[in-house]
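The values are calculated or read from the model by the stated rules, or taken from the named source; none is laboratory data. These numbers were taken from a predicted model, which means no experiment stands behind them. So basically every Cβ, Gly included, is an ideal-geometry build from the backbone, and we count neighbours across all protein chains shown.
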Amino acid sequence: MSELNQEYKPLIVAFCCNWCSYAGADLAGSNRLAYPADVKIIRVPCSCRVNPMFILRAFQRGADGVILCGCHPGDCHYTTGNYYTRRRMSMLFSMLDYLGIERERTRVEWVSAAEGAKFASTMNDFAKKVASLGPNKRLEDLRCKP
Amino acid sequence: MQTVNTQTLIERASALLQDGTVSAVLGWKRGEFDYDMTPAVFTTAEELAAGFVYNDFCGANLSKYLLKKTREIQGKILVFLKPCDTYSFNQLLTEHRIHRENAYVIGVPCSGMADIHSIRKITGEGIARVELTEGGLLVHTLYDDAPVAVSYEDAMADRCKTCKSKKHVAYDELLGEEGDVLDSHRFDEVAKLEAMTPDERFAFWQGELSRCIRCNACRDVCPACTCEKCVFDNPDSGVENKAPGGDFEEKMFHIIRAFHVAGRCTDCGECSRVCPQDIPLHLLNRKFISDINKTYGEYQAGETADQRPPLVNFTQNDPEPSDVVKGGHDHA
């Protein structure tokens, strides 16, 4: 095995809202802005669609970091969806912290359709942060190991 | 020792059955053991006289049973509620899960309930008989010749030691006097955990939650868990295994369980009471309550029957998730 393959690469799941962040990711691509290939994007109709279980499940199945991107507060396509997301995720992340789980592995970021550059920089920054934390052990499920 | 006796309750219930105000009574009867008082439905005065009990082991919160019983039974149901149970009752009304006109609530005073987990810590296993006397409990075990005396204070459930309220927030009539909301220091234990390092917290919860056998008793008893179909009944839920793996699966189950009632949990503590593994589950729910109080303003679920729960509400200036760590005090 080459040295390159042995290097630890974090697996990151990004939930992106269809109306803002997913388009932002598209723009980052069109503008040829680089962001890590370890970021796997899952498109959701609204950031509010993301059930806390989605996030925990991603971790359970081996994700090292989960980031949730949505429209800026006040800009939600469905008017108020992201306000609910904000409250829910605040509570969920605080609970992860309470259980002694590194809360840096989770993040919420508001990225609009025009912010391709922000999308790329957010992903670069988050991937760096997660890589520095190393493989996710506290959130992994032994039964889900390949 | 409770301040009202079984006889007073039976007399009042029989009278209401006889004059036709109610068609059934929701109360407690003796289960298999002295310390196992289980919820029961009574429809005649004879049944009440034969089986109804109210003592220090009647910790069960009867409000959830209204959900099913008000659909099965025609007419009003008489239900005896302790102060903390009335909060759950109000919460069920808020969520339109029960109708006020189907229930006749008699508020019963409660001086704190005894808990078998607390008693076992003092006497050990093999509890055969428990006598409730004026001065305290006399616990007969298989392995001791003489009964062990336990005071009511020591026998009390953890949730009752930090009782939040002796006030009935909903009732049709009250037995005894109206109590007050107490200054309970119930968040002290949460604060103690928050003050630990992440590694210590992880070790603590690993130790507690890895005992979970997914019996779902915490869900079944919870008056806030009223979904007809539950995510945990899905065999592909990802948390369905019964043998503890000692990894994230048990934690995921408990995070989701607590999250589903976040903002609606009245902190009645039933989850911890029924846990066969004695896991302090109420500490997870309390964390959410404490976070909500600190971040979105003081909120007591079930205080009145017309509140909007904080997690189905928002303001435009809520703090960002990155700013809410340990209840919004520290910044990431």
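Here are the numbers for the structure shown:
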read-out	value
Flag for B:R308 being more than 11 Å from chain A (Cβ to nearest Cβ), farther than 25 Å from B:F202 by Cβ and in a helix (DSSP H, G or I)	no
Count of residues meeting criterion [within 11 Å of another protein chain (Cβ to nearest Cβ) and crowded, with 20+ Cβ neighbours inside 10 Å] in the stretch A:51-66	7
The stretch B:256-269, subset within 14 Å of chain A (Cβ to nearest Cβ) and in a loop (DSSP other than H, G, I, E, B), residue surrounded by the most Cβ atoms within 10 Å (Cβ to Cβ)	B:C265
Filter pass, B:G20 being of a type in the set (G, A, S), surrounded by fewer than 16 Cβ atoms within 10 Å (Cβ to Cβ) and out of contact with any Cys (no Cβ under 7 Å at 6 or more places or on another chain)	yes
Lone qualifier among B:E208, B:E200, B:E250, B:E228 - being of a type in the set (D, E, K, R), free of Cβ contacts under 8 Å to residues at least 12 places away in the same chain and not in a loop (DSSP other than H, G, I, E, B)	B:E200
Given (1) crowded, with 22+ Cβ neighbours inside 10 Å; (2) without any contact (Cβ under 8 Å) to a residue 40 or more places away in the chain; (3) out of contact with any Leu (no Cβ under 9 Å at 6 or more places or on another chain), number of the condition B:P235 does not satisfy	(1)
Extreme residue, farthest from the other protein chains (Cβ to nearest Cβ), among residues of the stretch A:88-122 that are within 18 Å of A:P45 (Cα to Cα) and not hydrophobic (A, V, I, L, M, F, W, C)	A:S112
Members of the stretch B:270-293 that are touching a His at 6+ places or on another chain (Cβ under 7 Å) and surrounded by fewer than 21 Cβ atoms within 10 Å (Cβ to Cβ)	B:D278
Among residues of the stretch A:85-100, those that are more than 16 Å from B:P310 (Cα to Cα) and within 16 Å of the chain's Cα centre (by Cα), counted	2
Qualifying residue in the stretch B:61-75 (condition: part of a helix (DSSP H, G or I), under 18 Å from the mean Cα position of the chain (by Cα) and of a type in the set (S, T, Y))	yes
Hey, A:L33 at pLDDT 95 or above and within 14 Å of chain B (Cβ to nearest Cβ) or not	no
Total residues in the stretch B:14-48, condition more than 17 Å from B:Q74 (Cβ to Cβ) and touching a Phe, Trp or Tyr at 6+ places or on another chain (Cβ under 8 Å)	11
Conditions (1) surrounded by fewer than 21 Cβ atoms within 10 Å (Cβ to Cβ); (2) without any contact (Cβ under 8 Å) to a residue 40 or more places away in the chain; (3) not charged (D, E, K, R); number of the one not met by A:A113	(2)
Test: residue in the stretch B:270-291 that is out of contact with any helix residue (DSSP H, G or I) (no Cβ under 8 Å at 6 or more places or on another chain), away from chain A (no Cβ under 12 Å) and assigned to a helix (DSSP H, G or I)	no
Count of the stretch A:50-63 residues which are at pLDDT below 95 and outside any helix (DSSP H, G or I)	4
Qualifying residues in the stretch B:214-232 (those that are basic (K, R) and surrounded by 15 or more Cβ atoms within 10 Å (Cβ to Cβ)) - the one nearest to the other protein chains (Cβ to nearest Cβ)	B:R214
Of all residues in the stretch B:181-197 being part of a loop (DSSP other than H, G, I, E, B) and touching a residue at least 40 places away in the same chain (Cβ under 8 Å), the one that is farthest from the other protein chains (Cβ to nearest Cβ)	B:R186
Flag for B:S322 being within 9 Å of another protein chain (Cβ to nearest Cβ), outside any helix (DSSP H, G or I) and buried (at least 16 other Cβ atoms within 10 Å of the Cβ)	no
Count of residues meeting criterion [without any contact (Cβ under 8 Å) to a residue 12 or more places away in the chain and either polar (S, T, N, Q) or over 30 Å from B:P309 (Cα atoms) (or both)] in the stretch B:95-132	2
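Residue by residue, here is whether (1) in contact (Cβ under 8 Å) with a residue 24 or more places away in the chain; (2) basic (K, R); (3) in a helix (DSSP H, G or I) holds:
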| residue | (1), (2), (3) |
| --- | --- |
| A:N82 | yes, no, yes |
| A:M95 | no, no, yes |
| A:V108 | yes, no, no |
| A:A117 | yes, no, yes |
| A:F126 | yes, no, yes |
| A:K137 | no, yes, no |
| A:E140 | yes, no, no |
| A:R143 | no, yes, yes |
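Listed here are the residues, each with its yes/no results for (1) more than 26 Å from B:R186 (Cβ to Cβ); (2) surrounded by 23 or more Cβ atoms within 10 Å (Cβ to Cβ).
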position	(1), (2)
B:E46	yes, no
B:N55	no, no
B:Y65	no, no
B:E72	yes, no
B:L81	no, yes
B:Y87	no, yes
B:T94	no, no
B:A103	yes, yes
B:C110	no, yes
